[in-house]
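Worksheet: one structure, shown below.
Just so it is clear, none of the values below were taken in a lab; they were calculated from the coordinates. Since we're looking at a predicted model, the values are computed, not measured. All Cβ positions, even for glycine, are placed from backbone atoms using ideal geometry, and neighbour counts span all protein chains on display.
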Amino acid sequence: MREVSQPATEAIRLVEVLRALADPVRLEIVRRLDQMGEDACNAIGGEIDVHQTTLSHHYRVLREAGVTWTTVQGRSRLVRLRRDDLDALFPGLLDSVLIAERRTRETAPASTAGTP
């Protein structure tokens, strides 16, 4: 199995982290990882309504930006937030983003699917 590319802590750049967190699907992945700690990619993926290849892309973007850390165990990939690294490099950033995401989710109007 191929190794996954992940930046060293000192190679993580703010612009890449912000770019990764700017997508709603990736932000949802980060929110769920923050709640669960470490989890398998496919466990969270079953709860997010996107195609598996699209989900894999989102995990790759988060990993390559330095937001998550992936550990390969056999055929499974376990993913966790790099909270310690991100907090050391950008104090308060991850907490601020997650708080803002939660407020946005709580104040968002109910789905209006099917209405003109």
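Key figures
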read-out	value
Nitroxide proxy distance, nm - points 7 Å out along Cα→Cβ at Ser76 and Arg105	2.3
Residue-averaged [θ]222 nm for the chain, counting only DSSP H segments that reach four residues, each worth -39500 (n - 2.57)	-16000 deg cm²/dmol
Principal-axis tilt of helix 93-107 within the chain, Cα atoms, nearest 10 degrees	20
Theoretical FRET efficiency, 1/(1+(r/R0)^6), r = Cβ-Cβ of Arg32 and Asp95, R0 22 Å, to 0.05	0.90
Stokes-Einstein diffusion coefficient of the chain, Kirkwood radius over Cα pairs, 4 °C, 1.567 mPa s, in µm²/s	86
Separation of the Arg13 and Val25 label points, Cα + 7 Å toward Cβ, nm	2.4
